[in-house]
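Visitor: Structure provided below as structure tokens; questions to follow.
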Amino acid sequence: MANVIISGGNGFLGSHLSEKLIKEGFDLTIVDNLSTSKYIQVPNKAKFIKKSIEKFTTNEKFDFVIHLAARPSPEDYIKNPLATIDSNDLGTRNMLEIARKSDATFMYTSTSEVYGDPKIIPIPETYFGYVNPNGIRSCYDESKRFSEALIKAYERQYGLDVRIQRPFNVYGSRIREDGFYGRVIPRFIDQALRNQDITVHGNGRQTRSFLYIDDWIDATRKFLFNKKGEGKVLNIGNYKEINILNLAKLIIKLTNSNSRIIHLKPREEDPRRRAADITNVKKVLNWEPTVTLEEGLEVTINWLKNKNKL
């Protein structure tokens, strides 16, 4: 069976993908320094190495190299800008070298944040982005953009088989809800289950499109193992957008919560709208999301409820 290495394999996305690959019989190595982890979520049959991916070295050969390690939560990466850049700069270069020496297929999890505050909705892959290179979010946005440039340089110079995906706001079980790691869906759910005030930044009219974890796994596997994916940059997301205020109201309804919605000051440089144009991924991989927002939220709510015994 093929040999796979995943950076950030203990994280939200990584743990789900790792579990799926182990069940399918792949030999799996996970490298993760646990810097953004609250729990160990590594499958028992995987080889686990606790180390920062930018400092990891190996002589082992792999068939697939998957680079997921990142600090994707805005509150977290704003507080840790240099570590955020390192995982996307040094970490990406390190994983690319492993892939080059192995003549492996390389997959990178970029982000919809490369588009910045977009002028086109839904956003196609051909849109080059509207990003402030000096802004408070640039440590994440621009280092992800640099990673994409680095990956395409390896493809052009070495003929490496590379695939770049741009996920849009993936959610589901195992995503952290606590502290400044908590992203909008798990944070709202946790607040609602505790009947606490739900904290909306700004007026709540900013929109996002959300993708359930099972749909992301399905797309990722198709992208990784389909020859048609070679060299492609694809949005992995949903074209249906919802504003944050309506998301909060929906979560209150689904949790039967007594929470109030309160408004905090807007986040600096927070994109006003975000939704994926998935025309290309439909054509290349014959994929589109199948789990509705309400369905995904119900599962995520039950997971958080059981996890915290609420």
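Visitor: Taking only Cα atoms, what is the 0 to 90° angle, nearest 10, from helix 244-255's long axis to the longest principal axis of the chain?
Guide: Here the helix axis deviates by roughly 80 degrees.
Visitor: Sticking with this structure for a sec: Please report the antiparallel percentage of DSSP beta bridges with both residues in the chain, rounded to the nearest 5.
Guide: The answer is about 5 percent antiparallel.
Visitor: Under the 0.36 nm per residue contour assumption, what length would be gained going from the current alpha-carbon distance of ASN203 and PHE146 to full extension?
Guide: Here the segment from ASN203 to PHE146 would lengthen by 17.3 nm.
Visitor: Also: If you take the square roots of the eigenvalues of the alpha-carbon gyration tensor of the stretch 132-189 and sort them as a ≥ b ≥ c, do you get rounded (a/c under 1.5), prolate (a/b over b/c) or oblate?
Guide: Because a/c hits 1.5 or more and a/b fails to exceed b/c, the stretch 132-189 counts as oblate.
Visitor: Residues with amide H under 5 Å of GLY9's amide H, sequence separation 5 or more or different chain, H placed in the peptide plane at 1.01 Å from N; which?
Guide: VAL31
Visitor: Along the charge dipole of the chain, pointing to its positive end and built from +1/-1 on Cβ of Lys, Arg, Asp and Glu, which listed residue (SER259, ILE164, PHE146) has its Cα farthest out?
Guide: The residue sitting most towards the positive pole is SER259.
Visitor: Oh, and also: Arrange the following residues from fewest to most other Cβ atoms within 10 Å of their Cβ: MET95, MET1.
Guide: Placing the least packed residue first, the sequence is MET1, MET95.
Visitor: What do you get for Rg/Rh of the stretch 208-310 when both radii come from the Cα atoms and Rh is the Kirkwood radius?
Guide: 1.05
Visitor: Given axes a ≥ b ≥ c from the Cα gyration tensor, I'd like to know whether the stretch 60-148 is rounded (a/c under 1.5), prolate (a/b larger than b/c) or oblate.
Guide: oblate
Visitor: Work out the length of the dipole vector of the stretch 147-246 about its Cα centre, built from +1 on the beta-carbon of each Lys and Arg and -1 on the beta-carbon of each Asp and Glu, and round it to the nearest 20 debye.
Guide: Once rounded to the nearest 20, the dipole reads 280 debye.
Visitor: Output the peptides 267-278, 106-117, 128-139 sorted from most to least packed, where packing is the average of other Cβ atoms within 10 Å over each peptide's residues.
Guide: Top to bottom by mean Cβ count within 10 Å: 106-117, 267-278, 128-139.
Visitor: Helix 293-308 against the longest principal axis of the chain: what's the angle in degrees, Cα atoms only, rounded to the nearest 10?
Guide: So the helix axis and the longest Cα principal axis differ by about 90 degrees.
Visitor: Hey, if you put +1 on the Cβ of every Lys and Arg and -1 on every Asp and Glu Cβ in the chain, which of THR300, ILE40, THR220 ends up farthest toward the positive end of that dipole?
Guide: THR300
Visitor: I would also like to ask the following. Shape verdict for the stretch 42-192, please, from the Cα gyration tensor: rounded (a/c under 1.5), prolate (a/b greater than b/c) or oblate.
Guide: In terms of gyration-tensor shape, oblate.
Throughout, read-outs are computed from the coordinates displayed, never taken from laboratory work. Here the structure is a predicted model, which means the values were calculated and not measured. Cβ atoms come from the backbone with ideal geometry, glycine included; neighbour counts cover every protein chain shown.
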